[in-house]
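Note sheet for the following structure.
The values are calculated or read from the model by the stated rules, or taken from the named source; none is laboratory data. Small disclaimer: the values here were computed from a predicted structure and weren't measured. Methodologically, a virtual Cβ is constructed for each residue, glycine included, from the backbone with ideal geometry; neighbour enumeration extends over all protein chains shown.
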Amino acid sequence: MGTYPDTSLKQARNKRNYARKQLTKFNNGRVSDGLPILNSFAGITRQWLDSIAHLTSEKTHTKKTSRIERLAFPLLGDLAINQIKSSDVIATLKLMIDKSQLETAHRLHGEISSVLAYAIVHNFTDYDPFNEYDALLR
C-alpha cells in the first residue's frame with residue numbers, strides 16, 4: 001500500500017478498499033465458475049483431499065469427500081480458513097450429534113482437524129481453533 005510519509009493514511013485506505021473490491025470481484029468470478037473462494041475452507045479442503053488421495057482407496061476417498069461436502073461445506077465452506085472459530089466447527093458437528101450420528105460426527109471432526117492442520121503447515125492459518133475446545137473437554 002506504500003510507506004509513510006510517501007503514502008498518506010487516506011491513500012493507503014483507498015488502496016486497501018480497491019484491493020478488497022478486486023478480491024471480491026475475483027472470488028465472485030471463481031464462484032460463478034464453480035470454484036471455491038480463495039483461501040476458503042472449501043478451497044483448502046480440496047487441496048488437502050488432493051494431497052491425501054494416494055493414501056487411501058478410491059472408495060474411501062470418495063466417501064470422505066462426500067461426507068465433507070455434504071456435512072461441513074454448508075456451514076464452513078465459504079468461510080476464510082483463518083476466520084473459522086471453534087463455535088463454527090461445533091455448530092457443524094452438533095447437527096450430527098443431535099441426530100445421534102456420533103460415528104459420523106467423530107469422523108468429520110477428525111477430517112476437519114486434518115484440514116486445519118494442513119492449513120497450518122501451508123501457512124493459510126496460524127492455529128486450529130478446535131484444539132482449544134478439545135483441551136476443555138479432557
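What the table below lists for this structure:
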item	result
Residues located in the stretch 94-124, provided they are within 12 Å of the chain's Cα centre (by Cα) and either assigned to a loop (DSSP other than H, G, I, E, B) or over 21 Å from Gln47 (Cβ atoms) (or both)	Phe124
Subset of the stretch 96-112 (residues that are free of Cβ contacts under 8 Å to residues at least 40 places away in the same chain and under 17 Å from Lys63 (Cα atoms))	Met96, Gln101, Leu102, Glu103, Thr104, Ala105, His106, His109, Gly110
Test: residue in the stretch 57-71 that is at pLDDT 90 or above and within 16 Å of Pro129 (Cα to Cα)	no
Candidates Ala105, Ala91, filtered to the one that is surrounded by fewer than 18 Cβ atoms within 10 Å (Cβ to Cβ) and either at pLDDT 90 or above or in contact with a His (Cβ under 9 Å, 6 or more places away or on another chain) (or both)	Ala91
Filter pass, Tyr127 being outside any helix (DSSP H, G or I) and modelled with pLDDT under 90	yes
Qualifying residue in the stretch 73-93 (condition: in a helix (DSSP H, G or I) and more than 19 Å from Ser40 (Cα to Cα))	no
Members of the stretch 39-72 found to be part of a helix (DSSP H, G or I) and aliphatic (A, V, I, L, M), listed by number	Ala42, Ile44, Leu49, Ile52, Ala53, Leu55, Ile68, Leu71
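Per-residue answers, yes or no, for (1) within 20 Å of Thr125 (Cα to Cα); (2) at pLDDT 75 or above; (3) more than 16 Å from the chain's Cα centre (by Cα):
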| residue | (1), (2), (3) |
| --- | --- |
| Gly2 | no, no, yes |
| Val31 | no, no, no |
| Phe41 | yes, yes, no |
| Asp50 | yes, yes, no |
| His54 | no, yes, yes |
